[in-house]
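Structure, as structure tokens:
Please treat every number below as a calculation from the coordinates, not as lab data. Quick caveat, the model's predicted, so the values are computed rather than measured. Counting neighbours? That spans all protein chains shown, and the Cβs are built from the backbone with ideal geometry, glycine included.
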Amino acid sequence: MKRMILFAACCVWMSNALTAQETIVRENDSITDSAIVYPESMTGQLSDLLRTWQIDLSQSDEECNRGANMLFPDSVYLRRLCRLPAEMELSFNSVVKKYIEMYAARRREQVSYMLALGEYYFPMFEQALDREGLPLELKYLPVIESALNPVAVSRVGATGLWQFMLRTGKGYGLEVNSLVDERRDPYKATEAAVRYLKDLHAIYDDWNLVIAAYNCGPGSVNKAIARSGGKRDYWEIYHYLPRETRGYVPAFIAANYIMHHYADHHICPAHIHGPVTALDTVQVNERLHLGQVSAVLDVPVEELRRLNPQFRKDVIPGNFRPYMLVLPSEKMYAFVDRNEEIMHYNRSLYHPQRSDTDAYVNGAYASYAGNGEKIYYRVKSGDNLSSIARRNGITLTQLKSWNGLKSSKIGIGKLLVVGKKAVVASPSEEEILMAQNSTGNDAETINQYYRVRKGDTLGKIAQRNGVGVSQLQAWNGLKTNRIGIGDRLIVRKKEVPCPKEEEPSAKEYKRADVSPSGSEIISSYLEEQMERVNRQQSGAEAGNVSDEEAAVGSNTQDAEKTAIAE
């Protein structure tokens, strides 16, 4: 009899439990995979992440033997979430379970790499959060925001680890322009995100609502609260939120779970070969290209991009304001010691902006396109046309045109023209040019110039010209012995007597009467202009100025402007 009563009681208990479970399932019938828009970080390709992650994980492996994913009862997930040392409420339900299963099964390889990335990023996030007194579990927010990718860009334009929109980022002090996007700077973006989260918490006083507002904006959360009748609990306003935000908090809870219990699901952190590189920063106060740093310090430009993702075009506009450049610690002192060499390395190639284009407007510029000295590059393994063009500061169209390429396919070892340098038309490498400043009333200085060739040193040039190194430095304003190929140096100075100016005559001025030297060019030019104005005025009065004479005057003016410019 007792057994019958006990059996009946068990049946009633199981019936009630099944009824309660069915009620929960019915309440969540509308929450299916098709009804939830997963965060973009969960839908991207792992191969794309491997190319854009700030830390090079392409040669990494796993430090343990990965097994198959383990599935656990709901009670285990609930117990583990409750035991996490978190200030925030980490609830468990069927939606959270779907995200846990996604990380543990379909995205387990991505989790493996993110665990390695976390060793680099999480201490930085924790330091900023702790300084403002915010929950440290918020460090997992970039896991669902960007998959820890500093150059991630969403379909709506949110950028960086913390996925700042342009307006919000600028509102929190992040600089965004054509060359710099500090939303991609891990340090500055983290500081801005912490301030933003703190401001949102002052509004809602509930961390789940704060995370929801971080994703869809305070406006959307306020609308959901209003439509729910003023409820201020995330799960109570769940169905009033945008579809993507409905899955955002569950994804965050799942990220907290998987980052603590990855081993229980047989996920191994990726292991980076070799020691972790120590990093340091230097201040840059001049315009600088990462290609210049790469060439002089022998650091791959890809590594510089990973360490400095905020520089969108590989250019640091240091002449606008100082910027910090992140370098491997062992290269920091080399950067300081060789700063001048780095700044002047192929400067005309990396910074082609011209300070004066009047010669183009006046027609005095003679193009050397196609006739200049060609700069070549030999294709290496892993190169493509786009990267070669970007590295050499040219467009893909130019690169194809110069090399007669119709497609983007190139072979290793092929020699490509990647630049053109103007060749000075002169009978020898030495140029004799006149200085515009005279040393006295009856003498003027003529500078003799030399164009630096490959293999030249300041000592060799000084010895060849019979002068001292210190004299060359003084004449050319050099503070060190460093010189670059193509530099033009003053190697001799000579004083010559100035020709005496003749009294102006009444005869008509002729171009052959002008001596193309010194200040006489300027005086002759002024005389010519005065004479031409007088002729034009006389012709205008008489009405007999010929077209030929006017054309000759115009050509002479252009020629003289060119002479003065030179």
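The alpha carbon radius of gyration of the stretch 116-171, expressed as a multiple of 2.2 N^0.38 Å, is 1.16.
Distances between placed amide hydrogens fall under 5 Å for GLY247 paired with VAL37, all partners being 5 or more residues away or on another chain. The modelled label-to-label distance between ASP205 and ASP74, using points 7 Å beyond Cα along the C-beta direction, is 3.2 nm. Can you pick out the pairs among LYS454/LYS494; LYS414/LYS479; LYS97/LYS313 whose Cα atoms lie more than 31 Å from each other? Over 31 Å apart, Cα to Cα: LYS414/LYS479; LYS97/LYS313.
Any chance you could tell me what percent of the C-alpha pair distances in the stretch 159-201 go past 16 Å?
Values: 200 of 903 pairs.
Result: 22 percent of Cα pairs exceed 16 Å.
I'd like to compare 105-116, 78-89, 404-415: which one has the highest average count of other Cβ atoms within 10 Å, and what's the full order after that?
Values: 105-116: 19.0, 78-89: 14.3, 404-415: 9.8.
The densest-packed peptide leads the list: 105-116, 78-89, 404-415.
Separation of the alpha carbons by more than 27 angstrom is noted, of LYS98/LYS139; LYS170/LYS231; LYS331/LYS400; LYS188/LYS400; LYS98/LYS198, for LYS170/LYS231; LYS331/LYS400; LYS188/LYS400; LYS98/LYS198. Each principal axis of the Cα cloud of the stretch 170-244 was evaluated for its coordinate range; sorted largest first, these ranges are 46, 22, 16 Å.
So if each residue of separation counts as 0.36 nm, and I subtract the Cα-Cα distance between SER381 and GLN283, what length gain in nm does that give? Kindly include the intermediate steps, with their values, before the conclusion.
On the way: separation 98, 0.36 × 98 = 35.28 nm, distance 3.32 nm.
This chain segment gains 32.0 nm when fully extended.
3J(HN,Hα) along the stretch 296-306, derived from phi through the Karplus expression 6.51 cos²θ - 1.76 cosθ + 1.60 where θ = phi - 60°, amounts to 7, 8, 6, 10, x, 5, 5, 5, 4, 5, 5 Hz, with x in place of Gly and Pro. Over all distinct Cα-Cα pairs of the stretch 235-327, the Kirkwood formula returns a hydrodynamic radius of 17.4 Å. Taking the empirical scaling 2.2 N^0.38 Å for compact globular proteins as reference, the stretch 38-271 has a Cα radius of gyration ratio of 0.99.
If you average over every viewing direction, what projected area does the convex hull of the Cα atoms of the stretch 279-350 give, in nm²?
Numbers: hull surface 16.8 nm².
The Cα convex hull of the stretch 279-350, projected and averaged over all directions, gives 4.2 nm².
With both labels modelled 7 Å from their Cα along Cα-to-Cβ, the THR480 to THR457 distance reads 1.5 nm. Close amide H contacts of HIS271 (hydrogens built in the peptide plane, cut-off under 5 Å, sequence separation of 5 or more or a different chain): ASP61, GLU62, GLU63.
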